[in-house]
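This report refers to the structure that appears directly beneath it.
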Amino acid sequence: MSVVIIEICDVTCKYDTVKVLAEINFKIRRGSFTGIIGPNGSGKSTLLKTISKTLKPKRGTIWLNEQNIYRLKAQAIAQQMAVVPQETVISFPFLVKEVVMMGRSPYLGLWQAEGERDYVICRQAMHLTNTLPLANRPVTTLSGGEKQRVIIAQALTQEPEVLLLDEPTSHLDINHQIEIMELLQRLNREQKLTILAVFHDLNLAAQYCDQLILLHQGKIYALGKPEEVLIKKNIQEVYQTNVLIEKHSLTGCPYLTLLPGNTLTAQKAELRNKHIHVICGGGAGTKILRLLVNQGYTVTTGVLNKGDVDLETAKTLDIPVIEEVPFMPVSQASHCLNLEMIQKADACLVACIPFGHGNLKNLEAIAFALDEGKPVFFIEENKNDLALRDYTGGKAEKLYHDLIKRGARTINTVNMGSGLEISDFIPLIY
């Protein structure tokens with residue numbers, strides 16, 4: 001038995017003269033949970049319709065278990081693949097058990113009655129979807145979440161190897177969304193059901209899928225594991241929006257947060273040409289880094305020890321960072337890299353961090369910034385509070401005051417009321 005259950009080969013689809021999909025190629029592994037994502041109009045639903053044989057492509061082939069689906073009869077396809085559409089309208093008050101039993105039609109003749117095996121399979125599907133308690137209720141009386149579980153139960157009675165779903169959680173409350181996704185994940189893991197689903201919610205797709213296909217303008221823009229596809233560059237390019245991408249604290253999956261002022265305006269695009277280098281550490285730079293990235297600046301940072309909170313933030317935000325061995329002082333090699341980043345930057349910010357012998361070279365790097373004519377800002381919680389953060393026997397404080405005399409400026413976050421807002425002082429740099 002092949003490890004590949006579905007293969008899409010050079011598929012192109014058109015509606016009249018409008019090309020909706022172009023040269024689509026990918027494979028679906030048996031037993032995988034794959035999500036199709038992309039903005040409205042990118043071709044997600046069209047792709048699903050093509051795979052289910054609802055729509056015939058202008059060019060290309062769909063292979064199901066190494067067979068061309070366009071050479072298979074509908075009954076043969078329905079015995080291998082089931083489809084759960086985005087919306088299912090049932091206006092007649094069929095009982096739930098009757099709706100679920102409709103999934104056995106691919107195995108029954110025109111006037112053939114259901115047999116004992118059909119009832120067993122129907123009951124198993126209802127048990128798996130927790131719809132047995134609803135068996136004798138009219139389907140028209142169900143909630144959205146209940147109805148969705150019934151339609152999935154109906155699909156399962158087809159005994160499919162593949163389940164296709166078009167936005168299975170659309171129009172559902174949060175609790176019903178999780179209920180449906182947990183059900184699909186359980187079917188995938190316990191029943192080894194191959195699932196291919198279109199998702200609008202990127203966080204749901206990231207949490208439950210093991211592979212994502214990102215569509216953009218009818219083509220595959222990215223394909224791979226969620227952490228490979230859901231990266232800042234891809235989201236900015238495809239969705240034209242700005243997001244913060246972090247690891248979910250419980251699942252470790254990518255988690256996207258839409259940032260305020262998310263549209264990438266012309267002003268932000270222009271700011272991408274402005275480069276700010278941040279000296280930080282111990283979490284003091286986390287807010288600064290996020291604010292700068294949110295406003296559209298090119299940001300670099302360093303030197304930071306591996307395991308540092310600010311280092312993890314920088315990686316999450318795709319900020320270039322200079323890493324140093326944990327608990328070790330800044331090496332000469334790292335210091336030189338820091339100077340190179342500063343030389344390329346338009347300005348430098350220094351977070352409110354303590355200075356010891358291990359990171360004193362970061363202050364020396366700021367001296368280099370001033371030599372290069374770069375604007376420098378020290379962010380402080382209290383005026384002249386570096387004396388409280390100096391663990392070098394006065395060396396850091398002396399160097400700091402020398403830097404202030406040479407033109408470095410201070411930003412007092414306490415006096416700013418609501419806290420640090422980069423936008424309040426960034427015009428001073430340019």
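The values are calculated or read from the model by the stated rules, or taken from the named source; none is laboratory data. Because the structure is a prediction, the values reported are computed rather than measured. Ideal geometry is used to build each Cβ from the backbone, glycine not excepted, and the neighbour counts take in all protein chains shown. SASA here: full protein model, heavy atoms, side chains in, ligands and nucleic acids out. Shrake-Rupley method; radii C 1.70, N 1.55, O 1.52, S 1.80 Å.
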Of residues in region 307-353 being modelled with pLDDT of 90 or more, in a helix (DSSP H, G or I) and of a type in the set (G, A, S), the one most open to solvent (accessible area, probe 1.4 Å): A333
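On the basis of being more than 17 Å from L204 (Cβ to Cβ) and surrounded by 19 or more Cβ atoms within 10 Å (Cβ to Cβ), does N242 make the cut?
yes
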Number of positions in region 1-38 that are assigned to a loop (DSSP other than H, G, I, E, B) and modelled with pLDDT of 90 or more: 5
Exclusive hit being out of contact with any Lys or Arg (no Cβ under 6 Å at 6 or more places or on another chain), in contact (Cβ under 8 Å) with a residue 24 or more places away in the chain, within 28 Å of M181 (Cα to Cα) and surrounded by fewer than 18 Cβ atoms within 10 Å (Cβ to Cβ), set S2, S52: S2
Matching residues, region 21-69, being of a type in the set (A, V, I, L, M, F, W, C) and over 16 Å from I213 (Cβ atoms): L55, W63, L64, I69
Residue in region 354-367 that is open to solvent by 10 Å² or more (accessible area, probe 1.4 Å), among the hydrophobic types (A, V, I, L, M, F, W, C) and over 30 Å from Y255 (Cβ atoms) present: yes
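Looking at region 157-174, which of its residues are without any contact (Cβ under 8 Å) to a residue 60 or more places away in the chain and closer than 24 Å to P39 by Cα?
T169, L172, D173, I174
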Some residue of region 31-45 being of a type outside the set (K, R), out of contact with any Lys or Arg (no Cβ under 8 Å at 6 or more places or on another chain), free of Cβ contacts under 8 Å to residues at least 12 places away in the same chain and over 30 Å from K219 (Cβ atoms): no
Any chance I69 is touching a residue at least 24 places away in the same chain (Cβ under 8 Å) and either open to solvent by 70 Å² or more (accessible area, probe 1.4 Å) or not aromatic (F, W, Y) (or both): no
Matching residues in region 269-285 - criterion: being open to solvent by 10 Å² or more (accessible area, probe 1.4 Å) and either part of a strand (DSSP E or B) or under 20 Å from G356 (Cβ atoms) (or both): H275, G281, G282, G283, A284
Residues (farther than 18 Å from T300 by Cβ, among the acidic types (D, E) and in a helix (DSSP H, G or I)) located in region 362-391: D371, D385
Flag for N175 being at pLDDT below 90 and at positive phi: no
Which listed residue, of D346, D318, is within 36 Å of the chain's Cα centre (by Cα), on the phi > 0 side of the Ramachandran plot and of a type in the set (D, E, K, R): D318
Residue list for region 392-408, filter: surrounded by 15 or more Cβ atoms within 10 Å (Cβ to Cβ) and among the acidic types (D, E): E397
Helices (runs of 4 or more DSSP H) wholly inside region 73-156 containing at least 1 residues that are on the phi < 0 side of the Ramachandran plot, touching a residue at least 60 places away in the same chain (Cβ under 8 Å) and crowded, with 18+ Cβ neighbours inside 10 Å: 74-78, 116-128, 144-156
